[in-house]
1. Assigning unit charges at the beta carbon (Lys, Arg +1; Asp, Glu -1) and nothing else, what dipole magnitude in debye, to the nearest 20, does the chain show about its Cα centre?
2. Name the most mobile residue of ILE17, ILE62, ILE98, meaning the one with the largest mean-square fluctuation, in a Gaussian network model of the chain with Cα contacts below 10 Å.
3. What percent does the relative contact order of the chain come to when contacts are Cα pairs within less than 8 Å and at least six residues apart?
4. In what sequence do TYR24, TYR47 fall when counting other Cβ within 10 Å, fewest first?
5. Which length gain, in nm to one decimal place, applies between GLN33 and ILE62 when the Cα-Cα distance is subtracted from 0.36 nm times their residue separation?
6. Give, as a single signed number, the net charge of other residues whose beta carbon lies under 14 Å from the beta carbon of GLY82, with Lys and Arg counted +1 and Asp and Glu -1.
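Read-outs: derived from the displayed coordinates by stated rules, not from any lab. Because the structure is predicted, anything quoted here is derived from the model rather than measured. Glycine also receives a Cβ, built like all others from the backbone with ideal geometry; neighbour counts cover every protein chain displayed.
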Amino acid sequence: MPRVKRSTKRSDRRKKILKRASGYFLTKSKLYQAAQEAVERGLKFAYTGRKQKKRQFRSLWIVRISAACKLNGTSYSQFINGLKKAGIELDRKVLSDIAIKDAAGFTKLTEQAKAALTPKAVA
């Protein structure tokens, strides 16, 4: 069997791991095995963090919308229900942005949501 020399592939792979581990504490940034474990662990946290980021932003938007709803005399759940019944399809990101930057516009949205919730009188 021919002799295999792995110099470039092996060193390239090690360099890649050590480069990712630069800035880690003590041996985690110097020694390959420790660096590899630390980098794998860090990548695992990064993956879960990308999923958590979406949840955290959604909850932040809901808190902002809820605070703006309370200022306009309604609850968050009634507001969202009223918007759905009124046929207004705005996502929570946009609604929270409106609540922060355009209070008058958000007040109009709450009025529309309240109007959609009140039962209409039969003539």
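1. Computed about the Cα centre, the dipole is about 1420 debye.
2. ILE17
3. Computed over the chain, the figure is 18 percent.
4. TYR47, TYR24
5. Extending this stretch completely gives an extra 6.0 nm.
6. +3
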